[in-house]
Every structure is written in C-alpha cells, then in structure tokens.
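Enquirer: Quick one: this structure, given as structure tokens, is what I'll be asking you about.
The values are calculated or read from the model by the stated rules, or taken from the named source; none is laboratory data. The model shown is predicted, which means the values in this text are computed figures rather than measured ones. Virtual Cβ from ideal backbone geometry, glycine too; neighbours counted across all protein chains shown.
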Amino acid sequence: MTKNKLAIIGGSGLYDVESFDKREFLEISTSWGKPSDKILKTSYNNKEVYFLPRHGKGHFISPSRINFRANIDALKQLGVTDIVSVSAVGSLKEDLPPGKFVIVDQFIDRTFARNKTFFDDEIVAHVSMAHPTSNGLMDACEEAIKKENIDYQRGGTYVVMEGPQFSTLAESNLYRSWNADVIGMTNMPEAKLAREAEVRYASVSMVTDYDCWHPDHENVDVQQVIKVLLGNATKAKKMIKNLIENFENHINPNDPTNNCLDVAIITDPEKRTQKTIDKLKNIAGRVLIK
C-alpha cells in the first residue's frame, strides 16, 4: 500500500516553515538538474511533510528560470504523492481583494520560455489536463482554510504569464475579459509536470494586489506587495499545519491523477531506449519498467 506524503511548494513570501521541528535539509539530484533549493524534510504532530521554496530561500530565482522538472522529480524521488502549491497572485476581480485566498481549479497557460514536459525525447506522452487539480486535495485545502477563518474562494481560473514584468493595462483587461480570477507567474508548467509524474496537485493562491486594471490601484508596487505577502504568509503557515493533519482524509483512490500514464504514453515500446527509460525512472518507472 502506497504511503501518502505531502509536499508544500512555497512561492513569494513563503520560503520556510520555521516553527516545525525535526528539520532536515535534503540535497537531491535529478536527471533534469538541481531543484530550486534544498528540500526541507520536517514533521508536525509526528506527521512527515516536505517543503520546497519555489524561488529558492531568499527569492533569487526568476519565474522563467525555475527548474520545474527538477523540483517535481526531486519530490517524486522522496515518495511525495500530494503537492499543494502556495503562491502569490494578482487579482483580476473586484471581489478578490488583497489578503483573500483562492483555491484554483483551472489554469490558462500563457508561458512560452519553459520546459513543459518530462516526455520531450524519444518517449511521447499526452496526459489529460481537463481538470488539473485534485478535487480531494482541494477539499483538504478548503477545510484547512476554513479552520483559520481565512477569507477565501473555492474555484477560480489562474492565468499564468511568463513575467518577470507585471502586466500591461491592455493585457490585464484582456485576461479580465476571459473571466479569469487571478494572475501569477509560477503554477505552469508545475501543474502539468505534477500530472505527468502522477502526483496529485492543488493550488492555493494568495492575493497581494489588483494587477493594474483597478482604477484605484493602477500600479503594482513590489514594496506594497511585500507588505501583503507577509500577512498572507502568516495565514498560509497556519493553513499548512491544518493540511498536514487532514489531507489523508480526503484522498480519492479513483483520482484520475493516480494512474494517468496508463493511457498517456503513445510511443511504440521498441522505440524506447534504455537511456531514456532510465532518465524517466522516477517519473514514469511504474509504466516503463516492467
């Protein structure tokens, strides 16, 4: 029976969970290079959890330079079965003010300068992204947020832009016309790669600003964002403690992520070299190595 393990990928403003005990920092190597930083292995109420700062501790990696493939591979090596992304976003709607959390269930990927798949050499796979987040994991996030009385919205579309610059006014209004809820720079291709690795994924977006569309908030200022980030990070750390306690109660054994590679790999087995199989062993060994 698979042991369920939770990992948190922290975004802007959330680089560590200092209050957790039994802290061990793991340096993991992958076929895709090094992850963003050492991975914190820790525990809360005797429950094991992993934490990875997406931008590196101290925020030194630009969104376009994040090694998303190494991050997901490293967590998969550690036996992680569930990932909750916690990230800072801009709001595209009046009723999503700074400080509000959004449990995202859809994405629009506008990135163009990133490696978006593990299956880019010899072995081709097409996983479904129709429903990119795990419903059970979203239930766990909602329960954890409610317990802290954090203002939140269940469900929302996250536009992922390349960055690192913020939007133009024309872009911001375009995304609003699509009825998107929030905008950020990091959940893609992270969600796609988690699906390829058969790791359940959920995203909690913490609103820091109104992008630039709002007439009373025309410019996004990093210093203003940081002030909101700090408040959000405090709330997020409380939410994470609740998540560690409850996520296993919401796991769906029939989650489509669990065995999605069974119907995704299209390449003829005779075309698969041992070199590529070895490269993909952590991600797809379940289906490639018989």
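Enquirer: Under 6 Å between Cβ atoms, which residue pairs at least 6 apart in sequence (or on different chains) link something in the stretch 36-63 that is aromatic (Phe, Trp, Tyr) with a partner that is modelled with pLDDT under 90?
Expert: These pairs meet every condition: 44/20; 51/17.
Enquirer: Something else about it: Regarding residue 187, is this residue modelled with pLDDT of 95 or more and either surrounded by fewer than 24 Cβ atoms within 10 Å (Cβ to Cβ) or among the aromatic types (Phe, Trp, Tyr) (or both)?
Expert: When the stated conditions are applied, residue 187 does not pass them.
Enquirer: Please specify each residue of the stretch 148-184 satisfying the condition of being of a type in the set (Val, Ile, Thr), more than 17 Å from the chain's Cα centre (by Cα) and crowded, with 18+ Cβ neighbours inside 10 Å. Quick ask: steps written out before the conclusion?
Expert: Keep residues of the stretch 148-184 that are of a type in the set (Val, Ile, Thr), which gives 150, 157, 159-160, 168, 182-183.
Filter once more, so that each one left must be more than 17 Å from the chain's Cα centre (by Cα): 150, 168.
Selection gives 150 alone.
Enquirer: Of all residues in the stretch 18-45, count the ones that are surrounded by 14 or more Cβ atoms within 10 Å (Cβ to Cβ), assigned to a loop (DSSP other than H, G, I, E, B) and at pLDDT below 95.
Expert: Here the count works out to 1.
Enquirer: Of all residues in the stretch 254-275, how many are surrounded by 17 or more Cβ atoms within 10 Å (Cβ to Cβ) and farther than 22 Å from residue 133 by Cβ?
Expert: Count: 1.
Enquirer: Something else about it: For the stretch 7-42, which residues satisfy the criterion of being more than 17 Å from residue 243 (Cα to Cα) and among the aromatic types (Phe, Trp, Tyr)?
Expert: Residues satisfying the conditions are 15, 25, 32.
Enquirer: Can you name the residue in the stretch 1-35 that is under 15 Å from the mean Cα position of the chain (by Cα) and free of Cβ contacts under 8 Å to residues at least 60 places away in the same chain and is also nearest to residue 78 (Cα to Cα) among such residues?
Expert: If we take residues in the stretch 1-35 being under 15 Å from the mean Cα position of the chain (by Cα) and free of Cβ contacts under 8 Å to residues at least 60 places away in the same chain, then 35 is nearest to residue 78 (Cα to Cα).
Enquirer: Consider residue 113 carefully, then state whether it is touching a residue at least 12 places away in the same chain (Cβ under 8 Å) and surrounded by 18 or more Cβ atoms within 10 Å (Cβ to Cβ).
Expert: Numbers: touching a residue at least 12 places away in the same chain (Cβ under 8 Å): yes; surrounded by 18 or more Cβ atoms within 10 Å (Cβ to Cβ): no.
No.
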